[in-house]
Structure formats: structure tokens, C-alpha cells
Amino acid sequence: MNLLLLYHLPNWLFGSIVVGGFVVFSLAGQVVISRFLPRWFGDKDYNDIVGQYLSASGVFFGITLGLISVATWENFGSVDAAVTNEASNIGVLYRSVDNYPEPLHGVLTGHLRAYTRHEIDVTWPKQREGIAPDREADAILKRFHRSLAGFEPKTEGQKSLHSEALRQFSNMVESRRQRLVSVTTALPQVVWIVVVGGSILNLSLMWLLVVEKKGLHLMLTTILAALLGLLVFLLAVMDHPLRGEYSVGPDSFELVYDQLMKK
């Protein structure tokens, strides 16, 4: 099963599957292991030893998981900032070409409106499915660049305006390239091996505890499994900043379109 298909699900269902998987695994393991503990280690109470190991592993794994979470959140924030910067570049470029003479003015502003609307309506839904880049958007930008580069300024004011417009176009293209690269970037596989493997090892220590009240033991194991499942779910939804329901949206693009381009 392709785990990336989980990003097509609503967050509540995605989270329920991850947390539920951890809980079912931990409870099943506890039921199975509890039958063999007396045979392996006898009836001696060794909870103190297990508790010490559980505390130590919890601290080490908690620090590791915290560092990974911070790095993932920072990456999510950087992608959000890059998208906002790209929308800002589009807005500045639109204001620049809005001062061009006709008929070039109408051509350039029309291309930018079409591009911005296309990114909002077409590209973003595709990004949330992990699809990038978009050939239609590339074609719109090529037409815009062809029209912009073909302009011959006649006055000093037009030369300055044209130079600034070309610079802003380059900035916008660079920002767009960074966004498209972010669609497919994710944590390395080895990091996920550490996260999942560390979670399993911590849960396995819960199986070694000997508790007279089985219901209490099951409840404690369930709580720990649910907590680890929630943390893994948090990492998963932030791992792909432009995929899934919880992702960087086109809000900044819509703001630029509504404020500058909408007629």
C-alpha cells in the first residue's frame, strides 16, 4: 500500500488511522506478550527495572522526536513564507506591467490574471495530490515572458520600468521553482524508520510491566500508544507542506488576485 494515499483522506480519518494503528498494535502486543512473561522471567516483580528503562528511553526518544518535530515545523513555515513571497512578487510585477502602454498593457495583465487564477484553481488542488509541475502554467508564463521581452522601451522612464519588470519576473519564477520543489520534498526515509522504530521500542517496554489490574495496564498502554500516534500523525501532516488537507494554501494568491486583478 502506498502510504502517500493517506494524504488524500480528511485529517480526522488520517489521524484516526494512524492513532488507531498504534493503539491496536500496542494492545495486541501486550495481550500476546503477557501470556509468555511468566514463562520467560518467572513471577518475580521486575517493574522497577522496566520502569527505569522506560523512563530513560522515553527521555531520549522524546528529545529526538522533539527535534524532528521542530525541524519539520520550520520547513513547513519556510514553505509558507516562500508561497507568500511568490504572491508578493506577482503583485509587484502586476503593478509594474499595469503601467505599460496599450495594447501590451492588456496582454501582460491578462496573462498574469490568467496565471494567478490558474494557480489557485488548478495547480493547488494538484499540489495537494503531489502533482507538479503544471505545463499549462508554464505555457502561460512563456507567453507572458515572450510579450514582456519583446517590448522596446522608448523613453528613460519606460527603460527603468521595463528593467524593473524583468527583475520582478525573474524573482517570481525563482519563487515558483522553490514552491514546486517543495511539493515532493519530505523527511528522509531513515528518519521515519527511527520515528516508527523508536515508537515501537517504547511501546514494547510497556508490555514488560507486570500489573495486577489488567484493565489499568491496558489503559496506560492505550494512552501511551495514542500519544505516540498523535505525534507521528503531526509529523506526517507537516512533512509535506503542500500535500493533504492540512497544507499551505493559496490564500496569499487569492488576496493578490482580489486586491489587484479582480475586475
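Values in this text are rule-based calculations from the coordinates and carry no lab data. The structure displayed is predicted, hence computed values, not measured ones. Using ideal geometry, Cβ is built from the backbone for each residue, glycine included, and neighbour counts are taken over all protein chains shown.
Measure out, as a whole number of angstrom, how far apart the alpha-carbon centroids of the range 52-96 and the range 144-217 sit.
A separation of 9 Å, based on Cα centres.
All other residues with a Cβ under 12 Å from the Cβ of Ala149 taken together, and with Lys, Arg as +1 and Asp, Glu as -1, what is their net charge?
Local charge sum for Ala149: +2.
In nm, what is the difference between 0.36 nm times the number of residues separating Thr155 and Ala71 and their Cα-Cα distance?
Stretched out fully, the Thr155 to Ala71 stretch lengthens by 25.2 nm.
Quick one: angle between helix 135-149 and the longest Cα principal axis of the chain, in degrees between 0 and 90, rounded to 10, please.
For helix 135-149, the angle is close to 30 degrees.
How much length is gained if the chain between Ile17 and Val181 is pulled fully straight, taking 0.36 nm per residue apart and subtracting their Cα-Cα distance, in nm to one decimal?
56.2 nm
As an exercise, use a Förster radius of 30 Å and the Cβ-Cβ distance of Leu166 and His8 to find the FRET efficiency, rounded to the nearest 0.05.
For R0 = 30 Å, the calculated efficiency reads 0.15.
Excluding Arg243 itself, what net charge comes from residues whose Cβ is under 12 Å from its Cβ, given Lys and Arg +1 and Asp and Glu -1?
-1
Keeping to pairs on different chains or 8 or more places apart, tell me how many lysine pairs in the chain have Cα atoms under 23 Å apart.
Total qualifying Lys-Lys pairs in the chain comes to 5.
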